[in-house]
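Comments concern the structure below.
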Amino acid sequence: MTVEQFFYDHPVFRYEEFALFKSEHAAIKAISVNTALTYYVRSGRIKPIRRKLYAVISPNQSVDSVSVDPYLVAGKVTQDAIIGYHSALELLGVAYSSFGQLTYVTQQKSKPFEFDGHWYQSVAVPIALQKKPVTDIYVDIVNRQGVDIKVTNAARTFVDVLSRVELCGGWEEVYRSVSSLAVLNIEQVINYCLLLENTRLNAKVGYFLSQRQDAFAVTKQQLAPLLAGKPKVAQYIQGSAAEQFQLVKPWNIYLPLSVINQSWEEPDAEF
């Protein structure tokens, strides 16, 4: 494989991928890899995105005009990156709104950054998944421009966005987005939720599934494990400071009235 073929196959690539390519075709030291990358950057063939991450500039583009797929960037930021939360909703085609912010899940420390008008932020893999370990559970592979990237599937995304509403645009955005899911594997949703070992999340997920019982064909038997794992003492689910709450039985949680009534009169409220 030539360097040009590598660039064609890897429109966005990591340092490690380029180093592996070079090592497979010639004995090469790390300093030589760095020298080669520096040369291609200076010659306008590749563009640095951040440390150890590069975008290829095609012959008909320039450093300033190159358009880079933001999902490829998010999927390559770290070696274990998984696109998740609202960004996964967007890839699934059900997000109510389109964001200029992309979220990826990783076990590595990764600072937020801006590139080409998009903001990228990481979320740590839940500790419960790391301990088991099942960090890649319910993850799909999506091919974009010939490159495979990882994204949480519909079931995991459903649970994740309910667990971190503040990352996903607030309650209205989350509610409208998950309501657009045409198909949902309920067994996967419940299994994943229970893996996270969070009683309040069990109640949240259980409540939202119960609200969509007909659409998702959810049975009482399926909801039983979540009901058994609800909080023993009623807990508040985060809402805006001025929000009114109501106890939701049998889930033992206080939800904002705007969520229960699906009324969104305060679009600028912070959730």
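The values are calculated or read from the model by the stated rules, or taken from the named source; none is laboratory data. Every value quoted in this text rests on a predicted model; they were computed, and no experiment measured them. Backbone-built Cβ (ideal geometry, glycine too); neighbour counts: all protein chains shown.
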Being under 21 Å from residue 196 (Cβ atoms), of a type in the set (A, V, I, L, M, F, W, C) and not assigned by TED's automatic domain parsing to the domain that holds residue 7 narrows 161, 147 down to just 161
Selection from the stretch 116-162 of residues that are of a type in the set (S, T, N, Q) and within 15 Å of the chain's Cα centre (by Cα):
121, 122, 135, 152, 153, 157
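For every residue, the table says whether it meets (1) at pLDDT below 90; (2) closer than 21 Å to residue 198 by Cα.
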position	(1), (2)
234	no, yes
238	yes, yes
242	yes, no
247	no, yes
255	no, yes
Of everything in the stretch 12-39 that's closer than 24 Å to residue 146 by Cα and among the basic types (Lys, Arg), which residue is modelled with the lowest pLDDT?
22
Let me confirm something: among 116, 140, which residue is in contact with a strand residue (DSSP E or B) (Cβ under 7 Å, 6 or more places away or on another chain) and of a type in the set (D, E, K, R)?
140
Check whether at least one residue in the stretch 50-65 is among the aromatic types (Phe, Trp, Tyr), in contact with a strand residue (DSSP E or B) (Cβ under 6 Å, 6 or more places away or on another chain) and either modelled with pLDDT under 95 or not in a helix (DSSP H, G or I) (or both), and report yes or no.
yes
Kindly indicate whether any position in the stretch 23-35 is closer than 30 Å to residue 98 by Cα and loosely packed, with under 15 Cβ neighbours inside 10 Å.
no
I'd like to know if the stretch 53-74 contains one or more residues that are outside the structural domain of residue 15 (by TED's automatic domain parsing), surrounded by 22 or more Cβ atoms within 10 Å (Cβ to Cβ) and over 21 Å from residue 8 (Cβ atoms).
yes
Residue 187 versus (1) crowded, with 17+ Cβ neighbours inside 10 Å; (2) of a type outside the set (Ser, Thr, Tyr); (3) assigned by TED's automatic domain parsing to the domain that holds residue 98; (4) within 25 Å of the chain's Cα centre (by Cα): which is the lone unmet condition?
(1)
How many residues, within the stretch 181-196, are over 18 Å from residue 92 (Cα atoms) and in a helix (DSSP H, G or I)?
7
Only residues that are within 20 Å of residue 138 (Cα to Cα) and acidic (Asp, Glu): list them for the stretch 173-215, please.
187, 197
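Which residues, counting only those in the stretch 32-49, are assigned to a helix (DSSP H, G or I) and closer than 21 Å to residue 20 by Cβ?
Correct list: 32, 33, 34, 35, 36, 37, 38, 39, 40, 41.
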Only listed residue being at pLDDT 95 or above and surrounded by fewer than 19 Cβ atoms within 10 Å (Cβ to Cβ), chosen from 105, 123
123
Being touching a residue at least 60 places away in the same chain (Cβ under 8 Å) and β-branched (Val, Ile, Thr) is the filter here; which residues of the stretch 106-141 pass it?
134
